[in-house]
């Protein structure tokens, strides 16, 4: 069965510093991978996704993620944190064309001024 | 487009009561989903549907029922509410690799 592990349930960064959120997965078939963001009291919004092709994926709000098959990882980064990045971030996996997502436990990001 | 809408936003139930969480989407998506979100656990899939008249269980279906009589609507029914069903419930729809989420329903069972 597939699974998604996010390392660190809480991350604190200073404004302007690098944001790095870690995601590792387990899947028996080539996965599709996603990062979603959830702002307080809202639903989830897609940040970026990897399906096939280029392994470095760029998303909205300056975020990007790199699919590394050898490391079974899909870490999310942003070079310079902004106060508006404070939110909870979820990594998710879809076993190719299955249309069902498996989510990690989420990482809450706090941005300090 | 309103996207995915959910009602109610908040609800408090007593143990043993029943209720229906409503979900509607106006994007003509075939796929619809119900998730529950508990702190530190991410989202768990309760039920999903691949089209009108077709539903299937997800990871945590016990205590819930669904129906899909139209493409637009996918209600979630709780028959005998239990404290373990206290959670935030999200409905989502998709067509190709991107799920669109509603704003959620926060349910408390006391």
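The values are calculated or read from the model by the stated rules, or taken from the named source; none is laboratory data. Note that the structure is predicted; figures quoted are calculated from it, not measured. In this analysis, Cβ positions are derived from the backbone assuming ideal geometry, glycine residues included, and neighbour counts consider all displayed protein chains.
Among the residues of the stretch B:84-110, the one identified as closer than 17 Å to residue A:43 by Cβ and without any contact (Cβ under 8 Å) to a residue 24 or more places away in the chain is B:98. Looking at the stretch B:45-57, is at least one residue part of a loop (DSSP other than H, G, I, E, B) and touching a helix residue (DSSP H, G or I) at 6+ places or on another chain (Cβ under 8 Å)? No, that holds for no residue.
Conditions (1) surrounded by 16 or more Cβ atoms within 10 Å (Cβ to Cβ); (2) at the interface with chain A (Cβ under 10 Å from one of its Cβ atoms); (3) at pLDDT 95 or above, marked per residue:
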position: B:26; (1), (2), (3): no, no, yes
position: B:33; (1), (2), (3): yes, yes, yes
position: B:41; (1), (2), (3): no, yes, no
position: B:47; (1), (2), (3): yes, no, yes
position: B:63; (1), (2), (3): no, no, yes
position: B:69; (1), (2), (3): no, no, yes
position: B:100; (1), (2), (3): yes, yes, no
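Does the stretch A:12-25 contain at least one residue that is at pLDDT 95 or above, in contact with a helix residue (DSSP H, G or I) (Cβ under 8 Å, 6 or more places away or on another chain) and surrounded by fewer than 18 Cβ atoms within 10 Å (Cβ to Cβ)? Among the residues of the stretch A:12-25, at least one is at pLDDT 95 or above, in contact with a helix residue (DSSP H, G or I) (Cβ under 8 Å, 6 or more places away or on another chain) and surrounded by fewer than 18 Cβ atoms within 10 Å (Cβ to Cβ), which makes the answer yes.
Here's the yes/no breakdown for (1) within 12 Å of chain B (Cβ to nearest Cβ); (2) without any contact (Cβ under 8 Å) to a residue 12 or more places away in the chain:
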{"position": "A:4", "(1), (2)": "yes, no"}
{"position": "A:7", "(1), (2)": "no, no"}
{"position": "A:18", "(1), (2)": "no, no"}
{"position": "A:31", "(1), (2)": "yes, no"}
{"position": "A:36", "(1), (2)": "yes, no"}
{"position": "A:43", "(1), (2)": "yes, yes"}
{"position": "A:48", "(1), (2)": "yes, no"}
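If I filter the stretch A:95-113 down to residues being surrounded by 16 or more Cβ atoms within 10 Å (Cβ to Cβ) and more than 14 Å from chain B (Cβ to nearest Cβ), which single residue comes out as nearest to residue A:46 (Cα to Cα)? Across the stretch A:95-113, the extreme among qualifying residues is A:109. Annotation: of all residues in the stretch A:75-94 being crowded, with 21+ Cβ neighbours inside 10 Å and within 8 Å of the chain's Cα centre (by Cα), the one that is farthest from the other protein chains (Cβ to nearest Cβ) is A:76.
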